[in-house]
Amino acid sequence: MKIVLKQVNLLHPGQKLNEKNDLLIEEGIIKKIGGLDEEDFKLAKVYDFENKYCVPGFFDMHVHLREPGREDEETIETGCNAAAAGGFTAVACMPNTNPPIDSAEIVRFIKEKSSKHLVDVYPVAAATLARKGESIAPMLELYDAGAVAFSDDGSAIKTAGILRNALEYSRMINAPIIEHCEEETLADGAMNESFTSTILGLPGIPNVAEDIIVMRDIMLAEFTGGKVHIAHISSKNAVDLVRQAKKRGIRITAEVAPHHFTLTEEMLKTFDTNYKMNPPLRTRVDVEALIEGLKDGTIDCIASDHAPHSIEEKEMEFIFAPNGILGLETQIGLVFSELVHKKHLTLNQVIEKFAVNPRKILNIPVPLIKEGEAANLTIIDPDLIWTVDISKFKSKARNSPFDKRLLAGRSISVINNRKMFFEEKFFAI
Amino acid sequence: MSLSSRHLLGLNGVPKEDIQLILDTARTFREVLERPIKKVPTLQGKTIVNLFYENSTRTRISFELAQKRLSADTINFTTSASSAKKGETFKDTVRNIEAMKVDMIIVRHQSAGVPQYLTRISKANIINAGDGLHEHPTQGLLDIYSIIEKKGRLEGLNVCIAGDIAHSRVALSNIFGLKTMGANVSVCGPTTMIPAGIESLGVKVYNNIDKAIAENNVLNVLRIQLERDAGRRIPSLREYHQYFGITAERLEKRNKEILILHPGPINRGVEISSEVADGPYQVILDQVTNGVAVRMAVLYLLGTMHN
Ligand SMILES: [Zn+2]
């Protein structure tokens, strides 16, 4: 089948590509950029994408798909549907499933389950067996089965000794260790520790719980020569630490979740559990530091930390409710509304954070917009004004604090694996 | 005269007029409590649920007695949140209670925010009887009532709350209420028990109990949680008593006029010595009686409001 994306703005920072042109895709392969003849238009399904941007497919490197174990909250299929609807052609899924992704068998199960989807799923395997922090997982075998990184997400790798071994061992395959940075003994709380937590009477988690692990991890990355990727960075000091470490040439990268640069702890005053996450929402000062970190490249990627939870669980009393919110279907809108339209990031920088850097970190080739290449594309309308409606989410869950929020900017289509998602539907191309 | 809100969730933001109205009403009920027949028919036909997810016999009994004195029908629902967690969800429990057509819910829970959440899912008037480390407004009110009863006023008085401020809902309600009523409020405790940013509430912080005793007219002494604290945020109960315990010797040396409050239950020999707990400085048992009167006032004012 042939499709034409007509008069679309083609943008790819890696290729220095920035032109308005027609794009012909045949059997999922980019056949022509420009120079289309009448025949091409006649036989193809034509999409008029004038004023839209066609960019390399976006990659969310931090999602929780809940399968296996909590298929009531999300499945690989519904999670992938949400990813496509949100503008992503690939995700990396975290290993805190039940059972956890700590065996080649589970990695293969996830690869198999997602193999027919438009969205590519790259499993992140547990760094230690059962995520217990006691012995390192069979990384070589996991890698061969399809894992792209290792993490005990949900918590940091428990001890410096085990982290050292994980970093040294993973050097053989050049895979990063993704760290959820939180010192357990300082993090027994339900929100950011501050004056606000004091007046709300909620136990607090101080910034230093994050900073201390970021510091430890930087030092061990330097010592071992391994690669550390900081997941969902949230505090100002942590951003400063990563910035300094990068200057010293240490192999460290970082991602930030949209809720951490769009919301502050002030939202907790409603006691709405949709504002309960881990790391917790921080302060205005932290939000500014995160945006600064995105601007100057200290923070390499934006990733959602998409964390589906059932309504019953999120409706629990605040201190008992689980952490985390949905992110896949709102994050492009939040990034455009809060970063692009406010002139913090350029469109090219957004492509770096969403399409280029996650793949570089995970050693996955960045799709090219070039004749002969497979079409792996996200189509964006940066000016589309829309209202978030959680009832329309493709995700199985509904735990988003952004319901009814007015956003500017959205993905209108994604193309990958000879499939296209457009106007709420998937079809083969 | 009526209150500006149909719930009592905390003392943060409650206007002075409301607190004054509760205190004045409590004074009337305090007189009722001195009569041979201590019962008034004011809340006859009203159904009140005491929803206690945390073991707190004192607060529950005080509320229950206040309800009986006002002739309300009372239902007690006591459970521990950990056991409730396994089966029925909090929301289901509340829905069941709603189906019984209740007028008022008194709630105690170890999670902050539960009373606020209740206002979203229930039509009843909600009274917070203690939520997490957040607020315990009727305790704050009865402390204020007890201070005025003894000192005649609050305006300009120096009131210090001593103990584990970071893990106390009593402290916050006291701070908000006392400040609204014009007192100068301070807190005193070891640095590990002072919560982040408390000075931003306009509260002075002491780490020296002798200094706090010397400079204050009233000392509200909080209970030290034996199980939780020893060895973690304080080295030992012995050391706490030695450096922060309220003893007769300390009071005699620094301030003979001081008034001592304690929300109970007391740990004798830890935060307060027996001599002080039973001695002339304290009003601990008056606080218990005042507690019933203040709760009657709150129940009455909310229960007779036109919703
Ligand atoms: Zn995490």
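No value in this document is a laboratory result; all are computed from the given coordinates. Just so we're clear, the structure is a prediction, and the values are computed from it rather than from any experiment. Every residue, glycine as well, gets a Cβ built from its backbone with ideal geometry; the counts of neighbours run over all protein chains shown.
Figure legend. Inter-residue proximity from region A:55-79: first residues more than 30 Å from A:Pro382 (Cβ to Cβ), second residues crowded, with 24+ Cβ neighbours inside 10 Å and among the basic types (Lys, Arg), beta-carbon distance below 6 Å, spacing 6+ or different chains. Indicated pairs: A:Glu73/A:Arg66. Screening B:Pro190 against (1) under 16 Å from B:Ile260 (Cβ atoms); (2) more than 14 Å from chain A (Cβ to nearest Cβ) leaves a single unmet condition, (1). Restricting attention to region A:404-429, the residues that are of a type outside the set (Phe, Trp, Tyr) and part of a strand (DSSP E or B) total 15. Residue count for region A:114-125, restricted to those that are of a type outside the set (Val, Ile, Thr) and either in a loop (DSSP other than H, G, I, E, B) or touching a Cys at 6+ places or on another chain (Cβ under 7 Å) (or both): 6. When A:Asn357, A:Asn348 are checked against the criterion of being within 24 Å of A:Val55 (Cα to Cα), touching a Pro at 6+ places or on another chain (Cβ under 7 Å), of a type outside the set (Phe, Trp, Tyr) and not in a loop (DSSP other than H, G, I, E, B), a single residue qualifies: A:Asn348.
In region A:304-315, the count of residues that are of a type in the set (Gly, Ala, Ser), within 14 Å of the ligand (Cβ to nearest atom) and surrounded by 20 or more Cβ atoms within 10 Å (Cβ to Cβ) is one or more. Scanning region A:304-322 for residues that are aliphatic (A, V, I, L, M) and farther than 17 Å from A:Arg66 by Cβ yields A:Met316, A:Ile319.
Residues are listed down the side, and each one gets a yes or a no for (1) buried (at least 24 other Cβ atoms within 10 Å of the Cβ); (2) in contact with an Asp or Glu (Cβ under 6 Å, 6 or more places away or on another chain):
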{"residue": "A:Lys269", "(1), (2)": "no, no"}
{"residue": "A:Glu288", "(1), (2)": "no, no"}
{"residue": "A:Glu292", "(1), (2)": "no, no"}
{"residue": "A:Ile299", "(1), (2)": "yes, no"}
{"residue": "A:Pro322", "(1), (2)": "no, yes"}
{"residue": "A:Glu338", "(1), (2)": "no, no"}
{"residue": "A:His341", "(1), (2)": "no, no"}
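For A:Ala137, the conditions (1) under 23 Å from A:Asn363 (Cβ atoms); (2) within 16 Å of the ligand (Cβ to nearest atom); (3) touching a helix residue (DSSP H, G or I) at 6+ places or on another chain (Cβ under 6 Å) all hold with the exception of (2). Looking across region A:233-252, the residues that are within 28 Å of A:Ile332 (Cβ to Cβ) and surrounded by 23 or more Cβ atoms within 10 Å (Cβ to Cβ) come down to A:Ile233, A:Ser234, A:Ser235, A:Ala238, A:Val239, A:Val242, A:Ile252. Within region B:193-228, the set of residues being part of a helix (DSSP H, G or I), surrounded by 14 or more Cβ atoms within 10 Å (Cβ to Cβ) and within 14 Å of chain A (Cβ to nearest Cβ) comprises B:Met193, B:Ile198, B:Leu201. When region A:267-291 is filtered for residues that are under 18 Å from A:Ser337 (Cβ atoms), away from chain B (no Cβ under 13 Å) and assigned to a helix (DSSP H, G or I), the ones remaining, listed by number, are A:Arg284, A:Val287, A:Glu288, A:Leu290, A:Ile291.
Counting only strands (runs of 3 or more DSSP E) that fall entirely inside region A:37-113 and contain at least 2 residues that are within 16 Å of the ligand (Cβ to nearest atom), the qualifying elements are A:58-63, A:88-93. The number of residues in region A:197-215 being out of contact with any strand residue (DSSP E or B) (no Cβ under 9 Å at 6 or more places or on another chain) and β-branched (Val, Ile, Thr) comes to 3. Determine the pairs where a residue that is more than 10 Å from chain B (Cβ to nearest Cβ) and at positive phi, located within region A:305-319, has a partner that is aliphatic (A, V, I, L, M) and not in a loop (DSSP other than H, G, I, E, B) with Cβ atoms under 9 Å apart, the partner being 6 or more residues away or on another chain. Note: pairs meeting the criteria are A:Asp305/A:Val63. Scan region A:119-128 and give yes if some residue there is free of Cβ contacts under 8 Å to residues at least 24 places away in the same chain, away from the ligand (no atom under 16 Å from the Cβ), more than 14 Å from chain B (Cβ to nearest Cβ) and out of contact with any Gly (no Cβ under 8 Å at 6 or more places or on another chain), otherwise no. Looking for residues that are free of Cβ contacts under 8 Å to residues at least 24 places away in the same chain, away from the ligand (no atom under 16 Å from the Cβ), more than 14 Å from chain B (Cβ to nearest Cβ) and out of contact with any Gly (no Cβ under 8 Å at 6 or more places or on another chain), one finds none in region A:119-128, hence no.
Applying the set (1) within 19 Å of the chain's Cα centre (by Cα); (2) exposed (fewer than 13 other Cβ atoms within 10 Å of the Cβ); (3) part of a helix (DSSP H, G or I); (4) not polar (S, T, N, Q) to B:Gly13 leaves exactly one unmet item: (3). When you look at B:Leu65, is it within 11 Å of chain A (Cβ to nearest Cβ) and either without any contact (Cβ under 8 Å) to a residue 24 or more places away in the chain or not in a loop (DSSP other than H, G, I, E, B) (or both), yes or no? Criteria not met by B:Leu65. The lone criterion from (1) surrounded by fewer than 24 Cβ atoms within 10 Å (Cβ to Cβ); (2) more than 16 Å from the ligand (Cβ to nearest atom); (3) in contact (Cβ under 8 Å) with a residue 12 or more places away in the chain left unmet by A:Thr330 is number (1).
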